[in-house]
Amino acid sequence: GGTTASMGISLYPSDARTIEDLLIAADTALFKAKELGRNRIAFFTHTMKEQMDKELYLIDGMRQALLKQEFYLQYQPQLDVNSGKMQGMEALIRWKNPKLGFVSPAEFIPLAERTGQIMAIVGWLLDASFQMMKRMMDQGISVQHIGINVSALQLRETNFADKVQQKLTYYKIDPSLIELEITESVIMNHLEETIRKLTKLRQLGIQIALDDFGTGYSSLNYLRLLPIDRVKIDRSFIDRVEDDSVVQAILNTIVTLGHSLGFRIVAEGVEEEAQLQSLTNMKVDTVQGYYYSKPLDAEKLVEFARESLNQNR
């Protein structure tokens, strides 16, 4: 097919005045060239400059955020479809920056992955999640798991399983209470290596969830190879579950196949009664979304769990 090249160009002195900044500018333009479909040239532009300034601010801001404790967690309750009781929750990282206010994870997580800062951030996320789980257990609230999103870089770390094991020991938490969520694209990009890593984590007793299922390029055929406990169907399907017969057919297949392989099926982003009804009919196991609750802070989550589980019944 022949070789193709993408090129990013920055000019002195209009784009930058130091060699380092010129290289960053050229690199930003190159990133854009690749985004536009490769095999093309992109010049550094003013919009890119704004984007770059913001990214540099965020990169520095993330470093500060860990020191200044600007990250915090919210929790999305997950409910059993049949009993309507809370089963577990997904931990969601939040960042409130003094200058920008609330920064969306969709904006800072990809950047943290590009710069490698994700390692420290997910390290913090694991600690905060384990602490929350411990707090619930100490208060006698028996939820089945807390879901924690893990990045590709994290998973590729040689001693990741050992780190998780150390935290389990430190917080005295049963491994089965921890569910690590891995996105589909992470698994498919490094299939064999990822399967090895996930198998090792599962041998510790940790649960693994396949996140955003249906958005990437994994075929149903791959499901049987993966060492996972749960499949999380992406919200983009749930939005169309009532009126799109193709989506219904796909979901029915995922549920049937998933169950035959021994997986639990979770639906994300459930917002309406009718969606819940369709998913119940399809025999989905667990749902999360605004229909039941928006993401809650720790205090509210404890309240929600108590009410949902209503321990005195």
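Listed values, structure above:
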read-out: Some residue of segment 225-236 being touching a helix residue (DSSP H, G or I) at 6+ places or on another chain (Cβ under 8 Å), over 23 Å from Met86 (Cα atoms) and either open to solvent by 60 Å² or more (accessible area, probe 1.4 Å) or at pLDDT 95 or above (or both); value: yes
read-out: Hits in segment 98-108 - residues which are of a type outside the set (Val, Ile, Thr), assigned to a strand (DSSP E or B) and within 26 Å of Asp212 (Cβ to Cβ); value: Phe102
read-out: Matching option when the condition is within 30 Å of Thr158 (Cβ to Cβ) and surrounded by fewer than 21 Cβ atoms within 10 Å (Cβ to Cβ), among Gly262, Gly269; value: Gly262
read-out: So Trp124, is it among the hydrophobic types (A, V, I, L, M, F, W, C), under 19 Å from the mean Cα position of the chain (by Cα), more than 30 Å from Leu276 (Cα to Cα) and in a strand (DSSP E or B); value: no
read-out: Candidate set from segment 122-175 (those that are open to solvent by less than 70 Å² (accessible area, probe 1.4 Å) and of a type in the set (Gly, Ala, Ser)); member that is nearest to Leu66 (Cα to Cα); value: Gly123
read-out: Top-ranked residue of segment 198-218 - restricted to ones that are out of contact with any Pro (no Cβ under 8 Å at 6 or more places or on another chain) and open to solvent by 50 Å² or more (accessible area, probe 1.4 Å), ranked as modelled with the lowest pLDDT; value: Tyr217
read-out: When residues of segment 176-197 are limited to those that are surrounded by fewer than 17 Cβ atoms within 10 Å (Cβ to Cβ) and hydroxyl-bearing (Ser, Thr, Tyr), the one farthest from Asp212 (Cα to Cα); value: Ser176
read-out: Filtered residues of segment 271-313 (kept if of a type in the set (A, V, I, L, M) and under 20 Å from Asp243 (Cα atoms)); value: Ala274, Leu276, Leu279, Met282, Val284, Val287
read-out: Set Ala65, Ala25, Ala29, Ala33: member being part of a helix (DSSP H, G or I), aliphatic (A, V, I, L, M) and under 23 Å from the mean Cα position of the chain (by Cα); value: Ala65
read-out: Conditions (1) out of contact with any strand residue (DSSP E or B) (no Cβ under 6 Å at 6 or more places or on another chain); (2) open to solvent by less than 40 Å² (accessible area, probe 1.4 Å): number failed by Tyr222; value: (2)
read-out: Given (1) in contact (Cβ under 8 Å) with a residue 40 or more places away in the chain; (2) closer than 20 Å to Gly289 by Cβ; (3) open to solvent by 40 Å² or more (accessible area, probe 1.4 Å); (4) not polar (S, T, N, Q), index of the condition Ala106 fails; value: (1)
read-out: Residue in segment 273-281 that is in contact (Cβ under 8 Å) with a residue 60 or more places away in the chain and surrounded by fewer than 16 Cβ atoms within 10 Å (Cβ to Cβ) present; value: yes
read-out: Counted residues, segment 21-38 - those being closer than 15 Å to Glu55 by Cβ and either among the β-branched types (Val, Ile, Thr) or open to solvent by 50 Å² or more (accessible area, probe 1.4 Å) (or both); value: 8
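The values are calculated or read from the model by the stated rules, or taken from the named source; none is laboratory data. Since we're looking at a predicted model, the values are computed, not measured. Every residue, glycine as well, gets a Cβ built from its backbone with ideal geometry; the counts of neighbours run over all protein chains shown. When the accessible area is computed, the model is the full protein with side chains, heavy atoms only, and any ligands, DNA or RNA have been set aside. Shrake-Rupley method; radii C 1.70, N 1.55, O 1.52, S 1.80 Å.
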